[in-house]
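Values quoted throughout were computed directly from the atomic coordinates according to the rules given, and no laboratory measurement underlies them. Nothing here was measured: the structure is a model prediction, and the numbers come from that model. Cβ placement follows ideal geometry from the backbone for every residue including glycine, while neighbour counts extend to all protein chains displayed.
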Amino acid sequence: MFRATMKSLLARKLRLVLSALAIVLGVAFVSGALTMNSTLSEAFSSAYDTAYEDVGLQVTAEAPLADSVDAAAPKPLDAASVERVKGVSGVNDATGVVRVPGARLIGKDGKVPSGSSQRFGQAWSDKWGAPKLREGNAPRTADEIAINAALADKTGFKPGDRVGVLTLQPRREFTIAGVVEFDGRPDFVAGEQTVIFTEPVAQELMLGQAGAYSAVNVGLGSGADAAALKSDVSAALGQGFEVRTGQELADDQAGASKGLLTTITSLLLGFAAVAVLVGVFLIVNAFSVVVAQRTRELALMRALGASRKQVRRSVLLEAVLVGLVAWIVGAALGLLLGRVVAGVVADEDSGLAVGGFTVSGTALVVSFLLGVGVTTLAAAVPALRASRVPPIAAMREAAAVADDRPGRKQTIVGLVLLVIGAVLLALGIASEALPALFAGVLFAFVATAILIPAFTRPVVNVLAKPVTRSTAARLGWLNAVRHPRRTAATAVSLMIGVALVAGMSTVMRSLQHSATETVDNQLSADLSIINLSSGNVPPTVSPAALQQIRALPDVASVAGYASEYGEVNGNKQFLFSWDDQAAAAAIVGMEFTQGSANGSGAVMNESTAERLKLKAGDQIKLQMGRGDALTLPVTGVYKDTTVADRVTVPWSAAQAGFRTDQPSQAYIDLRDGASAEQVKPTVESLLAGSPEVEVQTKKDLVETVGNGIGTIILVVQLLLAVAMIIAILGVVNILVLSVLERTRELGMLRSIGMIRGQMRRMVTTESVLISLFGALTGVVLGTVLGVAVVKGLRGEGITALSVPWVLLVVYLVAALVVGWLAALGPGSRAAKLKVLEAIAYE
Amino acid sequence: MAALRGVDLDITAGKFTAIMGPSGSGKSTLMHCLAGLDTVTEGDVFIGDTSITGMNDKQLTTLRRDRIGFIFQQFNLLPTLTAQENIELPLAIAGRKPEAEWFEQVIGKVGLRDRLHHRPSQMSGGQQQRVACARALVSKPEIVFADEPTGNLDSRAGADVLDFLRTSVDDLGQTIVMVTHDPVAATYADRVVFFADGRIVNELEKPTAETILDTLKEIDRPGSPVSAARS
């Protein structure tokens, strides 16, 4: 039986290769994602390991927030605490250090240089991690700094240049004294930007407290055990301190950097999911056809005494072999893909050395399960069908056995699923219940895939209406509806991708529309000072500049804004604060239903108050990133606005408790009759010292908000591109089969006078009709489901419905192109058939 | 080895010519060359006054479409089309409409008037072959080539098809060339050309079953010049 299987496999290799390609792509994306992840993780880890290899232990003050956030400022250690650490027995080499994210050097173009990595402000120290000077000197006076080589390369500054630096305080000017590198490396890790001040300046600018340190580094004497020393030091210091070994530190830091990889990983995994989903249908289709074609052969085997089990196994074995090949090819491609993406990512964060491949076992195992498992599972149904071929079929015409009409049972099952799906969707929409909604989407999807053969003929007949006058096209149309099941199965592979993307685009476009509508309707500010692409540390707006803006004759009011995570009664909560609460209330349209905003306590919107079970007059315990917990009254509750629906704390509290006392955004209301466009340049010039923010009119802001989501919509279209490429394979596959099956017919057509161009047109028509049918089904299904989801998500802020009509038309046009492309090969094969051989073809 | 050697054959217009010979004798190759399906390496083939030697694929295809009709052993109808659509196919490919009068005449002769809207799968073999005959005649070709047209039919259905071919020569003046190895089928022809080893070896006018069988025996007799050449 094994030999027979191999023979049959080789005889149909082209067809199987085509269907296996989808699996190859899926496997490649998965193993690529995992390889990229492990390669970069390895690179990050080793980079941080060397970065912290000198550090035995690091002692920091325990952060006030349990769930410490990246952007939260470290709690400073005062001089007394440093002395305490030094005094612990066993510690004989301890140094207070200052090294805190948030020092932004302003480049020659007046902007903070881009980069996804941290921007550290550090105190010069001759001791721990002593940087090596590449050029110039160490900073010796309060207005001197040193910068790291990566930053020097990026900005083009050299020793002697005057530069501005943003820290906890607004822009300050310094002279660059030197450029440093760390331990012979051209740079520290992951392309970070480091500004090194003298110690007192670093303490003032980075910690806001003279004589304080961000950490105490403890050297490890020779032969000392880090873990043992750690427990000694922890015990001696008691509450309020955190002690970590150098290794733990490296792991923590590397872990944070690895977070960057999540987006790229999920994108690749998304592609993989689509590829595999489509691949399943291609495999089912390919094997069904193989089984149908081999009906006589299988029946003969059964007649000769092969058991059902043997027949079933022979088909499954074929699938396993195809899956194996797909896995090997896909995994190899994936390793390459992963390595290339890793290289690109590492290049972006220059200075990260990616050494070779890191092939993770997970990547191999997962991709193996995917490649071989999915292929085998997909072939299970055709295998079962093969085992049901009766021995008597060996004596019959093969065509008589292959039942190609949509089965009644199948239609009934599909209809039942469709009804269940519709009910679930209706429920989901009515009650805004997400589980019901998504279950409904799933049911509707599966039901459509099952029902599609039942409506293939009528729909394709309608689609073919415009072309039936040409004989070649008419014959192509008749061929397309000749095997409705096969056509349907091919169309499904296209339908899935298109439906997915049409649905997602509908939801995203509605979200975009809702977001811009919200900004447009609810935010009354004429000018906004914002930075939407903030890094880990929020951008700052100079308070002095805001005062100058307030003094402009055209300006009615200005509300500076800052936000940060904190805890309200122990619940993690995003906190807002405004430097002018009254102006803010007007700008975001707060309508108080209880109390008011009098500046002495917190205010919040109704939903938040309900969630936290609070009302005006209650006291809350507020813990922010800096300082001790405060007790504040709730002075007011306002109606939900969708733009400011959080807990708002008084500005004085935020200045003490947030990372910096400067606002990160500001909103400006102009006097009646003043033009935003005219005031904008004046405001911009006043903000010259705040290079991280930009001034936008309301129109600009609406556009900016829309563009953000627009980017996501574009990424979603990439998914479609992948699905389309795979779908082409499916269509090519079925066309090759059709041409082969109809060889004699084609020969006859040529002999009675059909020219090559007409042969091509015939095959192209069949192909385009199949593709168009798939895309149309996908567009309709995707849009319907997308609209349902939008309706169901109205409570989540998607208030507007916006169907991306243009995109939907583009999908249909793309399907036309796909159909045309897919027909190129098979069409010319049909056109170039040798007439005599074709007529004689059995 | 050449499949045809020094063949010089004239097909008389308005006559029914049969080509006979053992398998491998080259009779099918001859017909394919005459019909513009295969090309000759030496010599010339004329349809009427047109030399088809040296024509490119497109010219040959158009020639077949407009001036030649085909009847195959395997019927070769399109299962997706009705009988009428199959009959009109050569004209449809050329983008023309059938002449109503001629169409009626052909349909009448072939006796398929009540089957026009049936598909091939709903018809018997004999009916399918009669559809194929009508298809070959519908475009008023100068010549019709039939390759073992009765090979897949029982004798009764075969006789119907041959009757039709005969009457289309007698009543419509059609020129027909038929390749067959069935002596009975060949008796319907006006002239039988015998073929062996790529050469014409004999010819009969107004053949009968007996004269045909005798000639075939003669060709196949051991020791005959032809057999000697073969061994």
Pseudo-spin-label distance A:Glu62 to A:Leu304, built 7 Å along Cα→Cβ, given in nm, is 7.9 nm
So the angle from the long Cα axis of helix A:698-741 to the longest Cα principal axis of chain A, reported in degrees to the nearest 10, equals 20 degrees
Inter-chain shielding metric for A:332-338, i.e. average beta-carbon neighbours from other chains within 10 angstrom, reads 0
Rh_Kirkwood(the range A:532-692) over Cα pairs, Å, one decimal, evaluates to 16.4 Å
Going residue by residue through the range A:89-95, the Karplus relation 6.51 cos²θ - 1.76 cosθ + 1.60 with θ = phi - 60° gives ³J(HN,Hα) values, rounded to whole Hz and with x marking Gly or Pro, of 5, x, 8, 10, 9, 10, 9
Phi-derived 3J(HN,Hα) across the range A:505-515 with the Karplus relation (6.51, -1.76, 1.60, θ = phi - 60°), rounded Hz, x for Gly and Pro, is 5, 4, 5, 5, 5, 5, 4, 4, 4, 4, 5
In units of 2.2 N^0.38 Å, the Cα radius of gyration of chain A is 1.18
Placing each pseudo-label 7 Å from Cα in the direction of the beta carbon, B:Met55 and B:Glu142 end up separated by a distance in nanometres of 0.8 nm
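Please compute, for peptide A:740-752, the average count of beta-carbon atoms on other protein chains lying within 10 Å of each residue's beta-carbon. Can you show the working numbers first?
Working: counts 0, 0, 2, 0, 3, 5, 0, 3, 10, 5, 6, 12, 17.
Partner-chain Cβ atoms within 10 Å, mean over residues of A:740-752: 5.
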If the label point sits 7 Å along Cα→Cβ of B:Glu42, residues of the range B:1-30 with amide N under 16 Å come out as B:1-9
Helix A:805-831 sits off the longest principal axis of the Cα atoms of chain A, rounded to the nearest 10 on a 0 to 90 degree scale, by 40 degrees
The long-range amide H neighbours of B:Thr175, using H built 1.01 Å from N in the peptide plane and a cut-off of under 5 Å, are B:Gly14, B:Val144
The alpha-carbon pair-distance distribution computed for the range B:96-136, with 5 angstrom bins and whole-percent values, is 5, 24, 34, 23, 10, 4
With DSSP loop assignment and no more than 13 other C-beta atoms within 10 Å, the GluC sites (Glu not before Pro) in the range A:551-631 are A:Glu591
For the range A:277-343, Rg(Cα) over 2.2 N^0.38 Å is 1.57
For peptide B:85-92, the mean count of other chain Cβ atoms within 10 Å per residue Cβ is 3
One would report the antiparallel percent of DSSP beta bridges in the protein assembly as shown, rounded to the nearest 5, as 70 percent
Here FRET efficiency (C-beta to C-beta, A:Asp143 to A:Asp93, R₀ 51 Å, nearest 0.05) is 0.95
Here, the range A:57-219 modelled as identical Cα point scatterers in vacuum has Debye log10 I(q)/I(0) at q = 0.18, 0.19 Å⁻¹ of -1.12, -1.22
Applying the gyration tensor rule to the Cα atoms of the range A:688-842 (axes a ≥ b ≥ c; rounded if a/c under 1.5, else prolate if a/b exceeds b/c, else oblate), the class is prolate
So the FRET efficiency between A:Ala721 and A:Asp640, C-beta based with R0 = 41 Å and rounded to 0.05, is 0.55
Once phi for every residue in the range A:22-34 is put through the Karplus expression 6.51 cos²θ - 1.76 cosθ + 1.60 (θ = phi - 60°), the whole-Hz ³J(HN,Hα) values, with Gly and Pro written as x, are 4, 5, 4, 4, x, 4, 4, 5, 5, 5, x, 4, 5
If A:Asp109, B:Asp190 are placed from fewest to most neighbouring beta carbons inside 10 Å, the sequence is A:Asp109, B:Asp190
FRET efficiency for A:Leu269 and A:Asp161 from the Cβ-Cβ distance with R0 = 51 Å, rounded to 0.05, comes out at 0.65
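Using the structure shown, select from A:Lys132/A:Lys158; B:Lys109/B:Lys140; A:Lys111/A:Lys698; A:Lys127/A:Lys158 the pairs with a Cα to Cα distance greater than 18 angstrom.
Values: A:Lys132/A:Lys158 16 Å; B:Lys109/B:Lys140 14 Å; A:Lys111/A:Lys698 23 Å; A:Lys127/A:Lys158 25 Å.
With Cα atoms farther than 18 Å apart: A:Lys111/A:Lys698; A:Lys127/A:Lys158.
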One computes Rg over Rh for the range B:16-230 from alpha-carbon atoms, with the Kirkwood Rh, and obtains 0.98
Any trypsin sites (Lys or Arg not before Pro) in the range A:137-172 that lie in a DSSP loop and have at most 15 other Cβ atoms within 10 Å would be A:Arg140
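DSSP loop trypsin sites (Lys or Arg not before Pro) in the range A:462-506 with at most 12 other Cβ atoms within 10 Å of their Cβ, which ones?
Of the trypsin sites (Lys or Arg not before Pro), the ones in loops of the range A:462-506 whose Cβ has at most 12 other Cβ atoms within 10 Å are A:Arg469.
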Of B:62-71, A:668-677, ordering from highest average Cβ density within 10 Å down gives B:62-71, A:668-677
Measuring from the longest principal axis of the C-alpha atoms of chain B, the long axis of helix B:83-94 (C-alpha) lies at a number of degrees, nearest 10, equal to 80 degrees
Here, A:Gln547 and B:Arg166, labelled 7 Å along Cα→Cβ, have an inter-label distance in nm of 12.1 nm
